[in-house]
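The values are calculated or read from the model by the stated rules, or taken from the named source; none is laboratory data. As the structure is a computational prediction, the values presented were derived from the model and not from experiment. No Cβ is skipped: glycine too gets one built from the backbone with ideal geometry, and neighbour counts run over all protein chains shown. To get the accessible areas, we keep the full protein, side chains included, count just its heavy atoms, and leave off ligands, DNA and RNA. Shrake-Rupley method; radii C 1.70, N 1.55, O 1.52, S 1.80 Å.
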Amino acid sequence: MAALGSVLRELRRRHARLHGVPPLSYRELAAATGWSRGIIGEYLSGRVLPPTDRFDDLVRLLGATPAEQGALATARDRVEEQRRQSPRPAASAPLADQSPPVPRQLPADVPGFTGRTAQLSALDNHGATVSAICGTAGIGKTALAVHWAHATRDSFPDGQLYLDLRGYDPDRPVSPTDALATLLRGLGVDAPGIPADLPGRAALYRTLLTGRRILILLDNAYEAEQVRPLLPGSAPAMVVVTSRDGLAGLVARDGARRVDLDVLTRAESAHLLGTLLGARAAAEPGAIAELARRCGRLPLALRVAAEAAAAHPGRSLAGLVAELPSGVGVPDLLDATGDPRTEVRAVFSWSLRQLPEPVAQAFTLLGLYPGTQFDRYTLAALASTDVEAAGGLLRRLARAHLVEAVGPGRYRMHDLLRAYAADLTAGHGPAARAHAVDRLHAYTVESVAAARDVLFPHDTGQGVNLGGGGPGQVPPLADARQAQRWLDRQRPDLVSLALHAARADRSHVTAALSTLLWRYFEVGGHHQDALAVHTAAVRTAANPAVLANLANVQWWLGSYADARTHFQAAADGFRAAADAAGQGRALARLAMVHERLGDYGPALDCLRQALAVYRTIGDRHGEASQLLNRGSLYRRLGRPARALAHHRRAAGLFAQVGDKRLEGYALGNLGATLLHLGRAKDALAPLRRALVHCRDAGDPAGTGSARATLGAAYRVLGRPARAHEQLEQALDLARRTGDRGLETETLNALGETLLDLDRPAEALERHRAAFALTARTGDRGEHARALDGLACALDACGDPAAARDHWTRALAVYTDLGLPEADRIRDRLAQPA
């Protein structure tokens, strides 16, 4: 609660600054609200959590924007749920100081930093909230940014945040949504208090930065759009971005000041080498000049070369430089925009030869790794060594500047070095390369399986077998927090490895990762990653499991016809293989596709079969899932009493087997059914519990669904503004995760709510968007709902003829589907025009 109180106090200060007045006094707040001054003080101190209605009124009074209001309401609900689940402290226990620590996240300053006087001066005199350091690979952008940040950290007493955006990694860069989660954690927001959606996170982030002298260093950005949501709303917070891109959009639109970097001058290069090599450099200036030339005056190459020379203190620099191989004919490793300084590769080759053979071999083997970040477990698998030895090899490579640390025990290679290592792997025979890659694959699959078993124990029956066994060395993944963090950190590299395996004729690896990761992808809303992995698996190993996985993501993305084809093929394949659990899963998901397409009879039949399968094999978790699905279908068919019974039984079973996430789904559907029965006030409690369960499980789809249904409940209760806030957040979640079903439902619900707010033109836009989406996906129920909504909005806009046409079309669809909404529209059309 202390963090929430801090946010309320910051809103109060911001309101005063924006209006040029003293902060609202407790007396003024009491007069505006009718509450006592004492309780207002308790709210603002964080000692007492305001009730929902009072909290909403308070943040509006303090000037929170609509997006901030939604984000703060989410944080407030989460705090309330945590209090409910936690034991109360003893009455005599003193309140602990829960103020978050000031963030100090800067990487270590660069030893021997040299030159860049003009650029440092430009940063000192920036006069802008955003500075962008731009230049080619290896030019020293990060070093400049970090060095300047350390030199000026006293100017930012509220802290310094650092984040590597991985803009030029082989796979997807860090998304703004994920970046904001990391930055919010750095600002002291616990995971439960981080909103699930991009607007909510951005609003909370800007609120927390308001009025604070804090530096945010965003390293390795790909483009302006990756950075823009991470900018503060105003000074005195400052952002420094590094990028190979010119970030012209950030300069033109956001007022960023660009600081361009080129290679070091001859004098700066000599000075850097002198700093790193000491008296030896002063004794041999000619050798230093030649070494700088051969390094292309790139800071990265200069440091690698200096470390190699330092490893041979008894030899002359001239003699060492003479050993540098010629770079003639070697392909350029620099960007196309750089000069063709092919000598850089020769410097890397020479430096590598100065290392002990096991260390050099480790560097080369890392060239086989298709991902970006690695640790001692990765190298242990590639090198067929133990984890402790692999850790020592990585530390030795880091001292040689051939890899760099990016976190505790985690490393990466600079792009130039990674390309060089990949070329070196050709020196290993095909058999040796294949064995190393096989060990990497076995380790990866074994580790993912361990994480899956911890996070989703009800899926452990979906086993995989690579054959030959793995190295048996996996990171510690004993609890759900460790497993989740490991998968989240590894996700980009896991996708890269799965796709690389498919291209390398190792389809069994891609299929194994598809099977192990499908639930993690689904729960996290990582649908594009899922589509990439599952598509690759089907192309190379079209077994029933991967067909079902591909169908699953197609269903989420609204490709219902394709999903139906693949689910049916998967169900047939599982049946032929006598795999009852697989058949049950395929039938259950096939039923959900049938429901979206309006084929309610086949949907009920599939659910009946799936429920029978799970009861036969004694799978209570699967049984609960089918009770949940049947209840949803019964509600759609206008049989709410039966739906209510199914959802209560499902929620009870999920609670018994310990699946909080799907208990949240069951509670959300229970709330939706109570709403259908006209019991909107009763629906709020299970819907709020559903929101907390799904949010805590990191399930954006469940979170979005709970928010959408909460919005519907608030609308029925006569609170359309609150309904609108919830629905907008649900829509953002749906679009961010690509959940087309939720997007369509939420668009229609927004249209209905906007009409209640007497905004018929905006309602028309929402219903038209839903109509267009259903025309693509084939969702007939929501298609009819969009037609009905368009009719209502057109009628409110004064076009009764067009409204009547749309109601007639909606009636035809509802009648064909056999849904009860047909009666309401029929009655409406019976009224005189």
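Projecting the Cα atoms of Leu44, Leu261, Thr152 onto the charge dipole of the chain (Cβ charges, centred on the Cα centre) puts Leu44 farthest toward the positive pole. When volume of the Cα convex hull per residue in Å³ is computed from the coordinates, the matching label among (1) 200; (2) 192; (3) 237 is (2). Just check region 553-647 against the gyration tensor rule for me: Cα atoms, a ≥ b ≥ c as the square roots of the eigenvalues, rounded for a/c under 1.5, and otherwise prolate or oblate depending on whether a/b exceeds b/c. Cα axes put region 553-647 in the oblate bin. Shape class for region 636-688: oblate, because the ratio a/c of the largest to smallest gyration tensor axis (alpha-carbon atoms, square roots of eigenvalues) is 1.5 or more and b/c is at least a/b.
Note on the chain: with neighbouring protein chains present and a 1.4 Å probe, carbon and sulfur make up 52 percent of its accessible heavy-atom surface. Amide H contacts for Tyr162 (H built 1.01 Å from N in the peptide plane; partners 5 or more residues away or on another chain; cut-off under 5 Å): Gln105, Leu217.
Amide H contacts under 5 Å for Val130: Val239, Arg257, restricted to partners 5 or more places along the chain or on a different chain, H placed in the peptide plane at 1.01 Å from N.
Taking Lys and Arg as +1 and Asp and Glu as -1, the other residues whose beta-carbon sits under 11 Å from that of Arg661 total -2.
Once you list every other residue whose beta carbon is under 9 Å from the beta carbon of Glu782, what net charge do they have if Lys and Arg are +1 and Asp and Glu are -1? That works out to +1. Each Lys or Arg adds one and each Asp or Glu subtracts one; over the other residues with Cβ under 12 Å from the Cβ of Leu633, this totals +4. In terms of overall dimensions, region 362-434 has a Cα radius of gyration and Dmax of 11.4, 34 angstrom. Per-residue 3J(HN,Hα) values for region 373-380, derived from phi via the Karplus relation 6.51 cos²θ - 1.76 cosθ + 1.60 with θ = phi - 60°, read 9, 9, 9, 5, 5, 4, 5, 4 Hz in sequence order (x marks Gly and Pro). Considering helices alone, the calculated mean residue ellipticity of the chain at 222 nm is -21000 deg cm²/dmol, with DSSP H runs of length four and up weighted by -39500 (n - 2.57) and normalised per residue. What you get for the chain, charging only the Cβ of Lys and Arg (+1) and of Asp and Glu (-1), is a dipole of about 1360 debye around the Cα centre. Largest accessible area first, the listed residues Leu393, Leu320 line up as Leu393, Leu320 when surface is computed with a 1.4 Å probe on the assembled protein chains. Here the 3J(HN,Hα) profile of region 129-141, calculated from phi with Karplus coefficients 6.51, -1.76 and 1.60 at θ = phi - 60°, is 6, 10, 10, 10, 8, 10, x, 6, 5, x, 7, x, 5 Hz, Gly and Pro shown as x. Applying 1/(1 + (r/R0)^6) with R0 = 56 Å to the Cβ-Cβ distance of Ala801 and Ala16 gives a FRET efficiency near 0.55. Computed with a 1.4 Å probe over protein heavy atoms only, the accessible surface of the chain comes to 40 Å² per residue. Relative to the dominant Cα principal axis of the chain, helix 821-830 is inclined by about 60°.
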